Amino acid sequence: MSGALFALLPFSVQEVAVAAGLNHLIALLFMLLAVETYARMRTEGAPMRRIATLIALCLAAVLANEIALSVVGLLAAVELLFVLRQPQPVALTARLHQARPLLAVTAAMALYAVVYALIPKGASPAFQLTAEGVGQRLLYALQTLTFPISLALTPLLAGAGFHLMGTARM
C-alpha cells in the first residue's frame, strides 16, 4: 500500500533525496567544527580537553559519512597555513609538540579506518574472523592510510626544514 502511494505521489521523492543527503551535511558540519576547533587550539593552546573534543568531532563526522576521513587533510592544510605564517623555521620537536592535536586526530582516524576495514560488508551477516581475511583487510586499510598520513606529515616536516619527495620547497 505504501509503495503504491509512493509511486502515485512523485513529489515525495524529494523528501527521500533530502533525507539521504543529510549524512553529508552532518559530516560537513562536524568537519567544519573540527577545523575551527583545531585553528583555535593552535592559537590559544591545546589542553587535553580540547584535543578530546577535536577527536570526538572528527569521529562524529566520520560516523556520519566515511568521506569525512578527509578531515585529516583539512587539518593538515590548516597546520600548513600556521607553518607558513611563522617567520623562521621551528625545530622538529617543537613542531611535533605544536601539532600533537593533528597527530592525535590522524591516529584516531587511522584506527577507525583499520576497524572499518576489518568489519565485513555485504550480504552475508556472518562474521568470520580468519587470519587470511584479517590480513587482507589490514593490508587494504594500510594502503588507504598512506595518503592521509603523508598529508599530515608534510606541514610538520616542511616547517622544520625537511621536504618530502614530490613536494615543492616553500
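The values are calculated or read from the model by the stated rules, or taken from the named source; none is laboratory data. None of the values given here were measured: they were computed from a predicted structure. No Cβ is skipped: glycine too gets one built from the backbone with ideal geometry, and neighbour counts run over all protein chains shown.
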Just for segment 37-47: of the residues that are of a type in the set (A, V, I, L, M, F, W, C) and either at pLDDT 90 or above or in a helix (DSSP H, G or I) (or both), which one is surrounded by the most Cβ atoms within 10 Å (Cβ to Cβ)?
Met41
Ala34: modelled with pLDDT of 85 or more and assigned to a helix (DSSP H, G or I), yes or no?
yes
